[in-house]
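Visitor: Sending over a structure as structure tokens; questions will come in a sec.
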Amino acid sequence: MDTGGTFTDFVARVGPRIVTLKLPSTPAAPERAVLEGLRRLGAARGSRVRHGSTVATNTLLERKGARVVFVTNAGFEDLIEIGRQDRPDLYALAPRRPEPLVPPARRVGIEQRSGPRGERWRSPTRAETGRMMRRVRSLKPEAIAVGLLHSYARGAPEAALGAELGRGCRGVPLTLSSALCPEVREFERFTTTVANAYLMPRVSTYLRALAAGSQAGLEIVLSHGGAAPPAAAAREPVRQLLSGPAAGLEAAAQVARRCRP
């Protein structure tokens, strides 16, 4: 099944038959249309359901995600906005760039540095960590993203910050760049981490509602066409940004294979 902004589509194998169903989507609560379709098709415990969704995509495009606070190295708070020289309009004299998902007021720096091989150059003091925590709490985050320089080589500093933030901001979802995307190049890693935090509250709420409303075995289709269980998919919603198209292509391919003379 694939839920979009207008319609929610289902392709099911019922015995030897291929059955299709199209329902109007319910954007305020997308799970309602999905659960209604599963009910009509008779999905029950033991049914294997592969679900593609545009919930993450639409949340990002419509800018309806969470209020994110980004924690990074002091002096590098603006890296997610500076970006790289690459730009779509190379010769535009007055280029217009999209607003970053986290504005400057919600970027918090902390005195920490690691070397490119993960070597420890400077760790934050207890007082500095305390100031960072007070600043983050004052911003009332709905989600927190943590990205430190060179954490692809050693994720321990981010893990330590994450533990502090978890204790000080209980219940607020947290994304660590070293866990989500431990790759070189800070701009790509940081923006991916911020996008994941931005999507997490809405997508996780949706997936929890789906899992609670159906006994079927849900598999959430990811952007590359693979799948993950709802709990894992809820932790990394940024991997679902092309989930809907991936599910549509997979369903079309399956129908074509089964309908081949």
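Visitor: Mind listing which GluC sites (Glu not before Pro) in the stretch 99-146 are in a DSSP loop and have 13 or fewer other Cβ atoms within 10 Å?
Guide: Those that pass, being in a loop and sparsely packed, are Glu119.
Visitor: OK, next. Multiply the residue separation of Arg32 and Ala74 by 0.36 nm, subtract the distance between their alpha-carbon atoms, and state the gained length in nm to one decimal. Walk me through the numbers on the way to the answer.
Guide: Numbers: separation 42, 0.36 × 42 = 15.12 nm, distance 4.43 nm.
Result: 10.7 nm gained on full extension.
Visitor: Only counting other Cβ atoms within 10 Å, I'd like Ile82, Ile220, Ile18 sorted with the fewest neighbours first.
Guide: Ile82, Ile18, Ile220
Visitor: Going by alpha carbons, how many degrees (0 to 90, nearest 10) lie between the helix axis of 243-258 and the longest principal axis of the chain?
Guide: Rounded to the nearest ten degrees, it is 30.
Visitor: Also: So for the pair Arg48, Glu62, with labels modelled 7 Å out along Cα→Cβ, what separation do we get in nm?
Guide: Roughly 3.3 nm, to one decimal.
Visitor: Could you put Leu21, Leu165 in order, starting from the residue whose Cβ has the fewest other Cβ atoms within 10 Å? Display every interim value, and only then the final one.
Guide: Values: Leu21 15, Leu165 23.
Going from sparsest to densest Cβ surroundings: Leu21, Leu165.
Visitor: Same structure again: Mind jotting down a quarter of the surface of the convex hull over the alpha carbons of the stretch 50-167, in square nanometres, one decimal?
Guide: It is 10.3 nm².
Visitor: Be a star and scan the stretch 105-122 for residues whose amide nitrogen sits under 15 Å from the point 7 Å along the Cα-to-Cβ vector of Arg131.
Guide: Only 108-113 pass the distance filter.
Visitor: Now a separate question. In percent, what relative contact order does the chain have, based on Cα pairs under 8 Å that are 6 or more apart in sequence? Intermediate results must be reported in sequence, preceding the final value.
Guide: Numbers: 454 pairs, mean separation 62.3, N = 261.
24 percent.
Visitor: In whole Å, what is the distance between the alpha-carbon centres of the stretch 74-94 and the stretch 38-67?
Guide: 33 Å
Visitor: Within the stretch 75-113, find all residues whose amide N lies under 11 Å from a label point positioned 7 Å from the Cα of Arg185 along Cα-to-beta-carbon.
Guide: Within reach of a label on Arg185, which here means backbone N under 11 Å from a point 7 Å along Cα→Cβ, the stretch 75-113 contributes 84-86.
Visitor: Follow-up question, since we're still on this one. Rounded, prolate or oblate for the stretch 188-242? Axes are the square roots of the Cα gyration tensor eigenvalues, ordered a ≥ b ≥ c, and the cut-off for rounded is a/c under 1.5.
Guide: Because a/c hits 1.5 or more and a/b fails to exceed b/c, the stretch 188-242 counts as oblate.
Visitor: While we're here: Run lengths n ≥ 4 of DSSP H only: what is the helix-derived mean residue ellipticity at 222 nm for the chain, with -39500 (n - 2.57) per run over all residues, to the nearest 500? Please report the intermediate quantities before stating the final value.
Guide: On the way: 9 runs with 102 residues, N = 261.
My calculation for the chain gives -12000 deg cm²/dmol from helical runs alone.
Throughout, read-outs are computed from the coordinates displayed, never taken from laboratory work. Note that this is a predicted model, so its numbers are computed, not measured. Glycine gets a Cβ as well: all are built from the backbone with ideal geometry, and neighbour counts include every protein chain shown.
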